[in-house]
Amino acid sequence: MRCRACLSLVLFLLILPGMAVYAASGGDLKGTHDYEEFEKPQACRQCHQDIFRQWEQSMMSQAYTHHWDEVEYFELAVAHTENDPNVPAEVHEGCNGCHAPLAFMAGDVPPPRPGESRADESVSCEVCHTITGKAEGTPFNFSWTIEPGKDKRAQRSPDEVTKSPHHNMVQSDFHRTTEFCGTCHNEQSPYGVMVKATQIELLEGPYGDEGVRCQDCHMTYSEGRSARIGSKHDDVAQHLFHGGHDPGKVNGVVELRIHPDIREVVIGEPVQFTLALFNQKTGHKFPTGSVEDRLLWVEVEAVDADGNAYHLPVDKKGFDGEEFTIASDELAYTDMSVPLNDPGFKGVRRDGHVPVGDRIFRMPYLNPDGEITIMQWHTASFGVDYRMGPRETKLETYTFDVPFEAAPGEMTVTATMYYALLVPTVADLLGAPEEGEPMLVNTHSTTVTVLD
Ligand code: HEC
Ligand code: HEC
Ligand code: HEC
Ligand code: HEC
Ligand code: HEC
């Protein structure tokens, strides 16, 4: 099996000179472990009931079965390798290394559609708890080492070794590190660029300096029992893994405060509003991870005393690549024409339904032709990085000429930040509209008086 992986690596490099490949990291795990070597999560449920139910509600248990994942995998990634001879099968096979590790290790790639195999177990208990460490250097592309089915099903955890009637236990410091998460939360594209860098972003930011880890915000610790028949501990790791799919986690990530330069304004004259945005909650950038899919933006609206609404576009700052950070109505993502088998595909609106002129906090992913793409495996470079860094404050200004028709009296100006997990126009095109629903991040208002 390992030799076959080597051979395909060689072939792959011949086909696409200059491209790195998943096989450079965890790729040689393909076909090394049967499904039977892993116990099903249901086997853990009877004793670890709370942890099982938490995991079941998180995206970890749905990494393969979740609707948008199924759509992107089959309609875009698999289809891309089928329709373009320059995109080898390794590209879609590698997705499973993180999303359906059991199937990848069993060599069952592409796995059957959700509902038909153990690929559905996604990131299961035993995947994480039989991982033993990682390859050297920065972790990425499932570069973990793993020993399933050995040593009476040893479960690895950082806690000091306790006793279980069901399995052995091996103490593992690795499970307490950010590198453990980074094996799947850093991803390198076949063009050698880091299309996911959540763990790297954490290390480079203030939380990394302070030793704050992923587990501190996504697997928070509480007093209780980890197993019903176990003893009480004061730091049981909750398996929440709550992120972008939990509106409560997204809510309040960025705090907004808006103020005018003058309080009393004369019709026809400009007033400038300054908006301060403070990222108070994420340890990495916001958005992080699947940045190619996500849309984070702010809308600013003024409402006069008669209830007439006016939209305020953001003032341009003039930095390189800024055009990607200000909503426009241009069409984009035409590289989907290959997987969709639609040569006449004209693209869909790049910025979803975001009002033209609004600020978008993003880093565009660019394909080998320099065009924006949502296909991270087809990403060769990036545009400007205008995301919200951890604990970063950004200032935006909005210069507004109060229009002649504005009613005298109090005018309320409101800034509202929204987050969509997938560019809504792409979500609609591909039949996953639920993924494009905007979530409220935060909002703040100020007032000015429009003089007679
Ligand atoms: C190195 C591990 C890794 C590889 C390889 C990988 N992914 Fe992912 N993928 C992730 C992680 C981690 C997330 C979650 C990031 C986030 O929430 O922002 C994710 C998120 C996604 C999402 C968004 C899910 C959602 O519900 O919004 C899709 C779709 C997806 N991946 C598809 C793919 C496809 C298709 C491939 C192969 C071309 C692939 N992934 C390869 C780790 C990986
Ligand atoms: C200081 C707290 C904090 C730390 C530390 C932290 N996160 Fe997060 N994370 C958040 C918050 C808040 C969100 C919700 C906002 C968002 O979706 O980005 C989030 C979101 C996410 C998401 C979903 C991103 C999306 O919207 O698609 C992933 C994936 C993630 N975190 C993984 C990690 C990993 C891996 C680490 C460690 C390398 C980590 N986080 C460290 C607070 C944290
Ligand atoms: C028959 C009951 C039982 C089953 C089934 C079971 N466990 Fe356990 N497990 C325990 C007990 C008891 C402990 C010790 C809890 C304590 O620390 O008090 C434990 C501890 C653990 C620990 C280490 C926790 C620590 O405190 O160090 C991990 C990790 C773990 N189990 C994972 C699993 C996984 C994964 C499965 C399913 C493949 C599983 N267990 C199935 C009873 C069980
Ligand atoms: C994405 C990886 C991942 C998955 C999936 C996962 N775990 Fe864990 N688990 C961890 C890590 C990491 C820790 C240790 C966290 C810490 O202590 O810092 C842990 C800790 C535990 C503990 C010890 C809790 C404590 O603090 O005493 C038990 C028990 C456990 N896991 C059982 C399970 C079971 C059962 C499942 C499936 C229902 C599961 N885990 C799924 C990563 C995972
Ligand atoms: C074996 C690979 C793997 C490991 C190890 C792993 N993850 Fe993930 N994680 C994934 C995948 C794949 C997804 C994307 C699920 C989906 O398709 O939406 C994900 C999603 C997430 C999300 C996003 C949930 C959401 O609502 O969008 C968070 C948060 C997260 N992981 C945190 C962690 C943390 C913290 C660790 C380390 C303790 C960790 N992960 C370790 C593979 C992994």
Restricting segment 230-269 to residues that are of a type in the set (Asp, Glu) and more than 19 Å from HIS444 (Cβ to Cβ), the one nearest to ligand 1 (Cβ to nearest atom) turns out to be ASP246
Picking from THR414, THR425, THR373, THR334, the residue that is assigned by TED's automatic domain parsing to the domain that holds VAL300, out of contact with any His (no Cβ under 9 Å at 6 or more places or on another chain) and touching a residue at least 60 places away in the same chain (Cβ under 8 Å) would be THR373
In segment 256-292, anything more than 16 Å from THR416 (Cα to Cα), aliphatic (A, V, I, L, M) and within 16 Å of ligand 2 (Cβ to nearest atom) is listed as VAL291
The correct count of residues that are touching a residue at least 60 places away in the same chain (Cβ under 8 Å), part of a loop (DSSP other than H, G, I, E, B) and hydroxyl-bearing (Ser, Thr, Tyr) in segment 147-206 is 4
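Which ones in segment 244-288 are in a loop (DSSP other than H, G, I, E, B), within 16 Å of ligand 5 (Cβ to nearest atom) and either among the aromatic types (Phe, Trp, Tyr) or surrounded by fewer than 19 Cβ atoms within 10 Å (Cβ to Cβ) (or both)? It would help to see each step written out before you state the result.
Step one: list which residues in segment 244-288 are in a loop (DSSP other than H, G, I, E, B), which gives 244-246, 251-253, 261-263, 266-269, 280-285, 287-288.
When the remaining residues are screened for being within 16 Å of ligand 5 (Cβ to nearest atom), the result is 244-246, 251-253, 281-285, 287-288.
Hits for segment 244-288 are HIS245, ASP246, ASN251, GLY252, LYS281.
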Of (1) more than 13 Å from ligand 4 (Cβ to nearest atom); (2) not in a strand (DSSP E or B), CYS217 fails just (1)
Here the residues within segment 227-250 that are of a type in the set (S, T, N, Q) and either modelled with pLDDT of 95 or more or not assigned by TED's automatic domain parsing to the domain that holds CYS217 (or both) are GLN238
Matching residues in segment 323-346 (surrounded by 15 or more Cβ atoms within 10 Å (Cβ to Cβ) and closer than 18 Å to GLY383 by Cα) number 9
When (1) touching a His at 6+ places or on another chain (Cβ under 6 Å); (2) free of Cβ contacts under 8 Å to residues at least 60 places away in the same chain are applied to PRO433, the one that fails is (1)
Looking at VAL413, is it assigned to a strand (DSSP E or B), among the hydrophobic types (A, V, I, L, M, F, W, C) and under 33 Å from the mean Cα position of the chain (by Cα)? yes
Inspect segment 334-348 for any residue being assigned to a loop (DSSP other than H, G, I, E, B), closer than 24 Å to PRO424 by Cβ and under 19 Å from the mean Cα position of the chain (by Cα) and give the result as yes or no. no
Out of (1) within 15 Å of ligand 5 (Cβ to nearest atom); (2) under 23 Å from ASP293 (Cβ atoms); (3) of a type in the set (A, V, I, L, M, F, W, C); (4) surrounded by fewer than 21 Cβ atoms within 10 Å (Cβ to Cβ), the one ALA135 does not meet is (2)
Any residue in segment 55-71 that is over 17 Å from the mean Cα position of the chain (by Cα), under 22 Å from LEU422 (Cβ atoms), at pLDDT 95 or above and not β-branched (Val, Ile, Thr)? yes
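The values are calculated or read from the model by the stated rules, or taken from the named source; none is laboratory data. All of these numbers come straight from a predicted model, not from anything done at the bench. With ideal geometry, Cβ positions are generated from the backbone for all residues, glycine too; neighbour counts draw on all protein chains shown.
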